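The values are calculated or read from the model by the stated rules, or taken from the named source; none is laboratory data. It should be emphasised that the depicted structure is a prediction, and the values quoted were computed from it without experimental measurement. Cβ placement follows ideal geometry from the backbone for every residue including glycine, while neighbour counts extend to all protein chains displayed. When the accessible area is computed, the model is the full protein with side chains, heavy atoms only, and any ligands, DNA or RNA have been set aside. Shrake-Rupley method; radii C 1.70, N 1.55, O 1.52, S 1.80 Å.
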Amino acid sequence: MPEKSASHRRGATGVSSLAERVLELLASGQAATRTELADLLGAAPSTISLTVSQLVAHGLVAEQGTRSSTGGRPRKILRLGGTEGFAVAADLGGRHARVGVVLPGGGLTDVSTVPFATAQGPEAALPGLAETLEGLAERHGRDLLRGVGLCLPGPVDVESGTVTLPARMPGWNRFAVLAWLEDRFGVPAAIENDANCMAVGEHSVQPAERRQSITVKMGSGIGAGVIADGRLYRGGTGAAGEITHTRVEAGHDIPCSCGNTGCLETVASGAALVRILRERGLDVASVEDVVGLASDADPEATRAVRQAGRYLGMVLSANVNFFNPDAVYLGGLLSTLEPFVAAVRSQLYEGCHPLVTEHLAIERTSLGADAGLAGAGQFALQRALSHALQAATGNP
């Protein structure tokens, strides 16, 4: 049989890529009609209609009811085929993990927090977490489990499915987390860093017109996830959003976990605040202690938190000026402190061009502590859909 032409191969890849985007938007709940898909994807209605028809033929998308529209015919509502499926997911922290069930369309259920000792390493910590996730799967019907997602507090190499050079995850470097999950559960798995998971989870519940955003997670460390034109932007090597290791003048020669000195992390992270307050004689051992003191209006803690927010705002200003996003979302434990959020917001207004901040939304994540969990589950569902699409169409 003759080899297919290059143009034919490109066409097949383009259709497959568009089909994946359609499935992604339906899975996250950002779109439910052909018109909404065409608007979000910037594609011709006829192209969207053809792609949806192919997905319906393969059983990956179904039509269910109609929605009235202003003028014209009622629009058919689209849903994923087999929407009774679900993913289980976990958002890992230093000592705890937030776990839950993620449904197509972005819904969350059975969310809880369980102990998780990250510092013990993956081989010791993952089996207990897997048992918890398996319990959730059994409760909802193990045969309906479509994927497993993990939100990790460190850099992730998505291609290899490993954590790479994490600062606060001893024993995890280059461990094959993705392969371990797929071997254990027998379904597609997805792993991502916490800031990217938070960005994707939060984007799915925000207004559709907010196509560009920066989501910052502020806990023991600092991370950022970038949404560009409605999709997660990873950059050339997957390191987009690594603002935590930007050098800042206030950092002087303070050693950073990356091996450099003077990074933003050394003056604005939760770990930095613990160090700073201990040096000032306060009895703090964790970010939770810092938050507790600042919430009780302790003057030293409040002053330190406000200064950390200013430092973060300075670095964010350069990124916001360059990227010109529609929104900046603030998440993580430190985002629960109004002095911190107010300092970031104030610095952005001071440090950015008026045209950049004219319509800029600067808000806490609306999903709060569940944003990362929602994102991890969506990544898992998207990976499962990608596998299903490949199986149905034969396109790699």
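Here is how the numbers come out for the structure above:
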| quantity | calculated |
| --- | --- |
| Close pairs (7 angstrom Cβ cut-off, 6 or more residues apart or separate chains): under 11 Å from Leu334 (Cα atoms) and in contact (Cβ under 8 Å) with a residue 40 or more places away in the chain in the range 287-299, open to solvent by 80 Å² or more (accessible area, probe 1.4 Å) and outside any loop (DSSP other than H, G, I, E, B) anywhere | Val291/Thr336 |
| Filter result for Ala43 (aliphatic (A, V, I, L, M), modelled with pLDDT of 90 or more and part of a loop (DSSP other than H, G, I, E, B)) | yes |
| Cβ pairs under 6 Å, 6+ apart, first in the range 178-193 and closer than 28 Å to Thr215 by Cα, second of a type in the set (Asp, Glu) and surrounded by fewer than 20 Cβ atoms within 10 Å (Cβ to Cβ) | Ala189/Glu182 |
| Test: residue in the range 259-276 that is open to solvent by 10 Å² or more (accessible area, probe 1.4 Å), in contact with a Cys (Cβ under 8 Å, 6 or more places away or on another chain) and closer than 27 Å to Ser213 by Cα | yes |
| Per-region count, the range 185-219, residues modelled with pLDDT under 95, more than 19 Å from Asp370 (Cβ to Cβ) and in contact with a helix residue (DSSP H, G or I) (Cβ under 7 Å, 6 or more places away or on another chain) | 1 |
| Test set (1) crowded, with 17+ Cβ neighbours inside 10 Å; (2) in contact with a helix residue (DSSP H, G or I) (Cβ under 8 Å, 6 or more places away or on another chain); (3) touching a residue at least 24 places away in the same chain (Cβ under 8 Å) - Leu41 fails condition number | (3) |
| Which numbered condition Gly259 fails, given (1) more than 23 Å from Phe322 (Cα to Cα); (2) touching a residue at least 12 places away in the same chain (Cβ under 8 Å) | (2) |
| Inter-residue pairs, beta-carbon under 7 Å, first without any contact (Cβ under 8 Å) to a residue 24 or more places away in the chain and under 25 Å from Pro339 (Cα atoms) and in the range 354-381, second basic (Lys, Arg) and buried (at least 21 other Cβ atoms within 10 Å of the Cβ), 6+ apart | none |
| Leu108 surrounded by 12 or more Cβ atoms within 10 Å (Cβ to Cβ) and in contact (Cβ under 8 Å) with a residue 60 or more places away in the chain | yes |
